[in-house]
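The structure appears right after this line, and notes come after that.
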Amino acid sequence: MSISQRINEIQESIPQHVKLVAVSKTKPNKDIMEAYEGGYRIFGENKPQELVQKYTDLPKDIQWHFIGHLQTNKVKYIAPFVSLIHAVDSIKLLKEINKQAKKNNRTIDCLLQFHIAAEQTKFGLTLEEAQEIVNSDDFKLLENIQITGVMGMATFTPDKTQVKKEFTNLKSIFEELKLKNFPLSTCFKEISMGMSGDYKIAIETGSTMIRVGSTIFGARELFKK
Ligand SMILES: *Cc1c(COP(=O)(O)O)cnc(C)c1O
């Protein structure tokens, strides 16, 4: 099956309101162009340098999502063009994104990343930390960012019950923030959860955006993970 056939197959199997981000990290431009020629426009990358290179080389109507951990000193490279930053987990990073967005005369959409997995190594906030950020005076001054929702990664495990529990937790974090912190926002609506191995469970538990790499583009080489 070709790359665009695999994208079509996923799109046909998911509800219309769920957005598919094709995660093209480590994959060559020709793979992205194959998806592009099939009509696909939303791609996810997790390394600033790789993203900038692909942005430079590829058609300008691609919507690039940054899905990885972003260091503050790298924000400036992607700020001119990135369409959504998925994994924001500090006020320091938000302030830098705001500063660079302002320099580029634009507003950048961001998702707050939550730590929902049992694994220690994954980044992300607790609900309390997120509320502290969005209630802070610093946050209220940020005019060039827009928080459009939440993002999280479940534990890498075959235990579907556990994965479902973690996604359900993210869904309730989203509902709580929406009710208490973004009651009037029409933009706060995305729940980015679900990858190749768990997107079906994620959709069952309320995902609005799935990030799928290997099911579309094939396995990545491990050393480039
Ligand atoms: C790599 C990656 C994905 C895609 O993973 P697959 O298992 O290949 O679908 C999704 N989200 C994030 C944050 C990633 O780093």
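For a test of the definition: using alpha carbon positions, the gyration tensor, and the 1.5 limit on a/c, classify the stretch 40-155 as rounded, prolate or oblate.
Details: a/c = 2.06, a/b = 1.26, b/c = 1.64.
Because a/c hits 1.5 or more and a/b fails to exceed b/c, the stretch 40-155 counts as oblate.
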Please list, in chain and number order, the residues 5+ apart from Q146 or on another chain whose amide H is under 5 Å from its amide H, with Hs placed from the backbone. I108, D109, C110
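Assuming R0 = 25 Å, what is the FRET efficiency of K76 and N181, from their Cβ-Cβ distance, to the nearest 0.05?
0.35
Would you kindly calculate the translational diffusion coefficient of the chain, applying Stokes-Einstein with the Kirkwood radius from alpha carbon pairs, for 4 °C and a viscosity of 1.567 mPa s, and quote it in µm² s⁻¹ without decimals? Kindly include the intermediate steps, with their values, before the conclusion.
Details: Rh = 17.8 Å.
The calculation lands on 73 µm²/s.
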On the formula 1/(1 + (r/R0)^6), with r taken between the Cβ atoms of K60 and E143 and R0 of 35 Å, the FRET efficiency rounded to 0.05 is 0.85
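Measure up K95/K180; K60/K189; K60/K178 against 31 Å on the Cα-Cα distance and list the ones that go over. Show your work: numbers first, answer last.
Numbers: K95/K180 22 Å; K60/K189 26 Å; K60/K178 33 Å.
Table pairs above 31 Å Cα-Cα are K60/K178.
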Heavy-atom accessible area with a 1.4 angstrom probe orders F114, F139, most exposed first, as F139, F114
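The values are calculated or read from the model by the stated rules, or taken from the named source; none is laboratory data. Values in this document were obtained by computation on a predicted structure and should not be read as measured data. FYI the Cβ positions are ideal-geometry reconstructions off the backbone, even for glycines, and counts take in every protein chain you see. Ligands, DNA and RNA are stripped out before the accessible areas are found, and what is left, the full protein with its side chains, is counted by its heavy atoms. Shrake-Rupley method; radii C 1.70, N 1.55, O 1.52, S 1.80 Å.
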